[in-house]
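This report concerns only the one structure given below.
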């Protein structure tokens, strides 16, 4: 055949290819290969182009490649480019790479084809390596090359590298190309950086439909419905028409907003525009109507669709799963099988996710069994959801078994396993799984990194946390908010304040989780003051508090013994409507329990609508540690009965399995009641192994009741479990000391020294004028140490004169201490209390925090002071001695016992000791006072109608106080302070006096009566210049006289006295004026 004939045949192949007849092209190519030997590059190019888009035609590509090699065209650039494209699109990256390397010359098409092949097959790192090789080869990239590299980074989630490519493209001026901008928007949306995505969007000179669809879809997928609709409005303003992808994304945005009206309008637009409705569009419509609560319309759309398509069944299952309607989901699942539609690998995850969300794990197990029968258990999607379901509900062994069964573990499976470990506080296992995942060559995603950081925070593994923090930047997730939230919590829980705030400031848009991470982190690391500071800063920033914020703040207040701050937070909890949350209720029980207000703790427990294990644990702890207010003299019997009833009802009524700390509380109840044999038997019959807390509680009870036999048994088990805990040795040493076994005690002390165990020194803290002062045993380092010891000596002398005998502290009786100064052994809490008495004004509560228990003799010392109250100085000390310890034991129950025994009245505590320790009787007093006030206002509507606006704030204050469980308004000092503050407000002045008048009805306090009379006369003097105020003061004076039981005629004496005082005051003013004028004239 002549050269002209061969060329004409090549052109005929191209002609058939142009007519979209690839079969004819391949037929002619085969004929030419059999009849003529002169196949050229154009013939091979036409044949290879004819192989695109059809699986059967793809089979002849290797044959064409082989013929090209035999004819010396294997290195031809045109043929090679087509072979690279075909091999890559069919997943054969290695043959494509081999062809690329054998090319005699490479052009931009060659590089783009190879880069696109890597991108399509998810080989982002290889694509970046090839991109760098292209630069080294001196080839100038084109916008298409840049777009391919960016797509590779997006699919492989190499966000840091993607930003680097963006910078290079910006320098080369390629970012103005629309398709490059679209690739950048997709990259930044995938890494969660909406700010950068929108910056690229608004910097683009030309935007097409794909540009708008990409940004709208990104916002819709992240539930940013409002932003998606705003972008759609801009799309309409630019003159572009929406397509099916746009409408589908907008339907998802409306579903996230719950905007059924706009969703229905979009549905109507579909029909008007004549757009085809595929299964994706039907799924979006189903999602919209189900999320907006229109389930009937959703079912109509489903029934009108192609019910033979398994995808549509999966979509309706997903739709009902999103609203947690398990019954309907399972019904549809059964209908699907009845209709002969076989579930695929995506069907099981749909129904399993619904089981996870609704907590129906038993049904989830049945679905798991069905997936095993149908052969889908080893599928990546099914196993990932199974791991997530089991791990979320604590079935970690089953979750791990599913993970180990997988031949190919993906990042989702590992991440679900790690998150499950962290959720159930198996942080070491979580970090081990994280390390194992990396050994398998799987790079963690943003959720995996955040979970691993949370695992580090759980065990305060600072070093590993820093390593993961560094990896965040390498992975390109530096813009992910969830990771930064986890980092903030990590640094806060590890006590790294500077790093915590630095990470906190890095977050551009701080959400509630960000603030909660900082507050809870500081609270859990013991930095309670910092936690409360951040909590107050939230108010200034306008961030709303949620359940977790309140729980952390209440926990911090409890550990600081800040009962006042805690009650303010409690009032805010009520105001925001979170008082019915179980977690908040648990925190409130802990707060009031630690601060001595057991009745408040009990009230919170009784008012909880739902209780969990923490609720029972906290109330049992409070029962075992505190008295019961007015019934404190019967403390042991009542606590034993009630505590055991709580414990019994945990398992019998509520089905809660007790944990070791619950058992420890019951042992504490037996121990306080002196029933050590029963406590020992209880430990032996426990269905679980006793831990260190159980044995330590038993040992402590043995020390109190001097039962050394049971104590030695408890100490043996305790030292085996915790051989390096100083508290165990100290307890055993003290037990030997109280029984007089000094040799045994010395042996324990020697054992501590030999094992290198050191006792934690006792420390006490007290806050005076916003400064926290710390004290140790026998502390001499305080600047006012000399004055403190002198004042303590004065107190000791005075109490000794009234019969108090100083107890000798003999538990650590050592020969080397015999010659020491007795003041060197003064307990830290006694020094703190003495300093508080010196520094704080009278009748102000003292709050002392101690890291260890309160010493027995300090408790007896305080009790003796309360009982004797013999002279002025001791009496003044007692009047404001409210001693509160937050860590282990409290002395508040002593004051409650004194109320019950008659040493001080309830009204005395209300007026002098303030609301720190308030009991049922006091709260009843507040209610009666409030009711009396309400009755009086109801019977005098005409007299007090115009005063209602002024008195309303006081009522609101009482309401908030009573709602929070305490009453400030009953304190005389508070009333006086309110009167002084309102002296210059003439219209609220009468209201204040009326309210104090009502208070006098309940107290009959002579001091209050004198104050009232003085203020009424003062008001009548002022009313001489104001007729309206005069009428008001007349009413108040009349009420005042009638309340004393005197005739109303005594009102005249009040008027006379007021006028006389006014005349005297005028004469004094005139005299002062005359003196001033005389002085001026003399000076002249």
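The values are calculated or read from the model by the stated rules, or taken from the named source; none is laboratory data. These numbers were taken from a predicted model, which means no experiment stands behind them. Don't worry about glycine lacking a Cβ; one is built from the backbone with ideal geometry, like all the others, and counts go over all protein chains shown.
Tabulated results
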read-out	value
Filter result for residue 293 (more than 30 Å from residue 387 (Cβ to Cβ), in the same structural domain as residue 221 (by TED's automatic domain parsing) and either assigned to a helix (DSSP H, G or I) or modelled with pLDDT under 80 (or both))	yes
Residue satisfying all of: in segment 168-189; in a helix (DSSP H, G or I) and modelled with pLDDT under 85; surrounded by the fewest Cβ atoms within 10 Å (Cβ to Cβ) among these	171
Positions within segment 201-212 being part of a helix (DSSP H, G or I) and surrounded by fewer than 24 Cβ atoms within 10 Å (Cβ to Cβ), in sequence order	201, 202, 203, 209, 210, 211
Within segment 301-334, tally of residues that are loosely packed, with under 13 Cβ neighbours inside 10 Å and part of a helix (DSSP H, G or I)	5
Members of segment 449-465 that are more than 23 Å from residue 507 (Cβ to Cβ) and either over 20 Å from the mean Cα position of the chain (by Cα) or in a loop (DSSP other than H, G, I, E, B) (or both)	463
Tally, over segment 461-488, of residues that are in contact with a helix residue (DSSP H, G or I) (Cβ under 8 Å, 6 or more places away or on another chain), over 24 Å from residue 413 (Cβ atoms) and free of Cβ contacts under 8 Å to residues at least 60 places away in the same chain	5
Residues (closer than 12 Å to residue 436 by Cα and outside any helix (DSSP H, G or I)) located in segment 404-422	409
Candidates 157, 101, filtered to the one that is in contact (Cβ under 8 Å) with a residue 40 or more places away in the chain and either touching a helix residue (DSSP H, G or I) at 6+ places or on another chain (Cβ under 8 Å) or within 20 Å of residue 77 (Cβ to Cβ) (or both)	157
Long-range neighbours under 6 Å by Cβ, at least six apart or interchain, first residue without any contact (Cβ under 8 Å) to a residue 60 or more places away in the chain within segment 189-218, second assigned to a helix (DSSP H, G or I) and surrounded by fewer than 18 Cβ atoms within 10 Å (Cβ to Cβ)	205/176; 206/178; 208/178; 213/245
Condition check for residue 94: crowded, with 18+ Cβ neighbours inside 10 Å and either free of Cβ contacts under 8 Å to residues at least 24 places away in the same chain or on the phi < 0 side of the Ramachandran plot (or both)	no
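Conditions tested, residue by residue: (1) closer than 30 Å to residue 125 by Cα; (2) within 29 Å of the chain's Cα centre (by Cα); (3) in contact (Cβ under 8 Å) with a residue 60 or more places away in the chain.
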residue	(1), (2), (3)
374	no, no, no
401	no, no, no
417	yes, yes, no
426	no, yes, no
434	yes, yes, no
437	yes, yes, no
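So that you can scan it fast, the table gives a plain yes or no per residue for (1) closer than 21 Å to residue 445 by Cα; (2) at pLDDT below 90; (3) crowded, with 16+ Cβ neighbours inside 10 Å; (4) touching a helix residue (DSSP H, G or I) at 6+ places or on another chain (Cβ under 6 Å):
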site	(1), (2), (3), (4)
375	no, yes, no, no
383	yes, yes, yes, yes
398	no, yes, yes, yes
413	yes, yes, yes, yes
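Quick grid of which residues meet (1) outside any helix (DSSP H, G or I); (2) at negative phi; (3) surrounded by fewer than 24 Cβ atoms within 10 Å (Cβ to Cβ); (4) at pLDDT 85 or above:
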{"site": "434", "(1), (2), (3), (4)": "no, yes, no, yes"}
{"site": "447", "(1), (2), (3), (4)": "no, yes, yes, yes"}
{"site": "467", "(1), (2), (3), (4)": "no, yes, yes, yes"}
{"site": "514", "(1), (2), (3), (4)": "no, yes, yes, no"}
